[in-house]
1. In the stretch 107-116, which residues are charged (D, E, K, R) and surrounded by fewer than 16 Cβ atoms within 10 Å (Cβ to Cβ)?
2. When the residues of the stretch 53-74 are filtered to those that are over 21 Å from I104 (Cα atoms) and without any contact (Cβ under 8 Å) to a residue 60 or more places away in the chain, which remaining residue is surrounded by the fewest Cβ atoms within 10 Å (Cβ to Cβ)?
3. Right, A113: in a loop (DSSP other than H, G, I, E, B), more than 16 Å from K77 (Cα to Cα), at pLDDT 95 or above and of a type in the set (A, V, I, L, M, F, W, C) or not?
4. Among the residues of the stretch 88-109, are any β-branched (V, I, T), in contact (Cβ under 8 Å) with a residue 24 or more places away in the chain and outside any helix (DSSP H, G or I)?
5. Report, ordered by the first and then the second residue, all pairs with beta carbons closer than 7 Å, sequence separation of six or more or different chains, a first member in the stretch 9-36 that is of a type in the set (F, W, Y) and surrounded by 14 or more Cβ atoms within 10 Å (Cβ to Cβ), and a second member that is at pLDDT below 90 and in a loop (DSSP other than H, G, I, E, B).
6. If only one of A119, A128 is surrounded by fewer than 18 Cβ atoms within 10 Å (Cβ to Cβ) and not in a strand (DSSP E or B), which one is it?
Amino acid sequence: MIQTQPAFDSRYHADHAEPADVKRALRSLAGGVSVITAGRGDERTGATVTSATGLSMDPPTMIVNINKTSSSWPVIKRHGHFCVNILNDRQQEIANRFAGIGGIKGVARYEGAQWTTLASGAPVLIDALAAIDCEVEEVIERHSHAIILGRALAVAIGDGGSLVYQNGGYGQFVR
């Protein structure tokens, strides 16, 4: 038997999209966890995201979506750089710090880990699964977010498994 209509929960609205429903739907999609870093010295900050992805390989370009109320947004805008630090499955604590859990802000988010810089000057997590260092190429401001296109300048590749986030919790990809 072929079912043509999905069985949806009656709490959802078939005729319009409520923001809370969209958020709930997107939380069901498992995603890799990255920390977006920017700034220098005492102005360093960053955010935990699942919205970093490759846009193009020719030229190598990343796309990151940052809430315009985030402390990271003005720093990325001012410095014109960011690094996508793809977290490994042992870096949940770093993900929580950069998500602001416990009220941790700004440069304090960098404590407890080792950092360096590559071509752009953005902070790079030394033992990340991978890090893609970018310069801002274009910004599209839409609604609550800035869609940031970044030209990849340098890449560092580590090893291990990827930290994954779904439905409010962390996990790991098992082969």
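1. In the first step, residues of the stretch 107-116 are kept if they are charged (D, E, K, R); the result is 109, 111.
Answer for the stretch 107-116, where residues must be charged (D, E, K, R) and surrounded by fewer than 16 Cβ atoms within 10 Å (Cβ to Cβ): just E111.
2. The qualifying residue surrounded by the fewest Cβ atoms within 10 Å (Cβ to Cβ) is D58.
3. Values: in a loop (DSSP other than H, G, I, E, B): yes; more than 16 Å from K77 (Cα to Cα): yes; at pLDDT 95 or above: yes; of a type in the set (A, V, I, L, M, F, W, C): yes.
Taking the combined requirement at face value, the residue satisfies it.
4. In the first step, residues of the stretch 88-109 are kept if they are β-branched (V, I, T); the result is 94, 101, 104, 107.
Still in the list and also in contact (Cβ under 8 Å) with a residue 24 or more places away in the chain: 94, 107.
Of the ones still in play, those that are also outside any helix (DSSP H, G or I) are none.
No, the stretch 88-109 contains no residue that is β-branched (V, I, T), in contact (Cβ under 8 Å) with a residue 24 or more places away in the chain and outside any helix (DSSP H, G or I).
5. Final answer for the pair search is none.
6. Sole residue among the options that is surrounded by fewer than 18 Cβ atoms within 10 Å (Cβ to Cβ) and not in a strand (DSSP E or B): A119.
The values are calculated or read from the model by the stated rules, or taken from the named source; none is laboratory data. Given the structure is predicted, the values throughout are model-derived calculations rather than measurements. With ideal geometry, Cβ positions are generated from the backbone for all residues, glycine too; neighbour counts draw on all protein chains shown.
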